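Structure first, commentary second.
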Amino acid sequence: MTDLRGRWALITGASRGIGYLAAKFMAEQGVNLILHSRNAEHCRKVEEEVKALGVEAYTVEAELSDMEQVERMCREIDSKGTPVDVILNNAGLQIAYRTEYLTTPASDYDISFKVNTTAPMMICYHFLPAMKKRGFGRIVNTTSGIDLEPEQAGYSGAKAALNKVTRDLGLKYEGTDVTLSLTDPGWCRTDLGGPKAPNTPESALPGVLVGAFVSDRKCGRIFSAQEFTGMSLEEAVAKAEAQNGVY
């Protein structure tokens, strides 16, 4: 298992839900944190809490549907000299549930792809060269298991695209100590998942983070977080590394 103590992780959507829980979990492992939200004020609570756990942390803000803001956020991190060793692209947007799915507007696709596909990939592209130069990096992109539901076409289509481009890019880093993987948190009771979801946000841990701790230098796997519920981090990583194939 990879020891991430003292390294820096960027977590998007860190102010609430699974991103908030992931930030707390990473801080408990001794990982320094760059916390992202659309509004920096939203991360005040989690920033104070992770600092109280003994790690360094600061907050950046960007609206992920605006690529100029995404790039500005990345440059701000660069200007601070922070070596981004781990990226958890957690933030996402479920634009709508269209019961009358044949009336799905084009804007559903436009907005969903910007937030759920383009923004996380622009973040990956920005920080990967430095990861490669340092010889270490972990990228975990958050996907979704939604399938066969045209009512959520914009969201599910954007996540399917994220799967494809993450796995394609990961092939270029296979066998190195820079790895790219995907995580599916499952349907959780978050602001995105809604109150009727069967799983608590806590059930997604440690599963959503196993891709950051694996040490077998394999890329392209999709880790279903609910398969790791209740496990210790060590148990979860061992199970994750046993998933040798690309899915």
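The values are calculated or read from the model by the stated rules, or taken from the named source; none is laboratory data. No experiment lies behind these values; they were computed from the predicted model shown. In this analysis, Cβ positions are derived from the backbone assuming ideal geometry, glycine residues included, and neighbour counts consider all displayed protein chains. Protein only, heavy atoms only, side chains kept; ligands, DNA and RNA dropped before computing areas. Shrake-Rupley method; radii C 1.70, N 1.55, O 1.52, S 1.80 Å.
So the values come out like this:
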| item | result |
| --- | --- |
| Cα-derived Rg over Rh, computed across segment 56-172 with Rh taken as Kirkwood radius | 1.02 |
| R0 of 30 Å, Cβ-Cβ distance Asp78-Thr99: FRET efficiency to nearest 0.05 | 0.10 |
| Three-way shape call for segment 111-247 based on the alpha-carbon gyration tensor, with the a/c threshold at 1.5 | oblate |
| Simple spin-label estimate for Leu53 and Tyr109 in nanometres, 7 Å along Cα-Cβ | 4.0 |
| Rounded accessible area per residue of segment 1-125, 1.4 Å, Å² | 47 |
| Contact order normalised by residue count of segment 123-247, Cα under 8 Å, 6+ apart, percent | 24 |
| Sequence-distant residues sharing a close amide H with Asn90 (under 5 Å, placed H) | Thr12 |
| Contact order normalised by residue count of the chain, Cα under 8 Å, 6+ apart, percent | 17 |
| Computed E for Ser215/Arg134 - FRET, C-beta separation, R0 22 angstrom, nearest 0.05 | 0.85 |
| Carbon/sulfur fraction of accessible area - segment 1-153, other protein chains in place, 1.4 Å, % | 49 |
| Relative contact order computed over segment 57-143 (Cα-Cα under 8 Å; 6+ residues apart), in percent | 42 |
| GNM top mover of Val165, Val46, Val60 - the chain, alpha-carbon springs below 10 Å | Val165 |
| Candidate lysines - alpha carbon under 18 Å from Lys45, same-chain residues fewer than 8 apart omitted | Lys24 |
| Solvent-accessible area per residue for segment 204-247 (1.4 angstrom probe, square angstrom) | 38 |
| Accessible carbon and sulfur surface of segment 159-220 relative to its total accessible area, %, 1.4 Å | 55 |
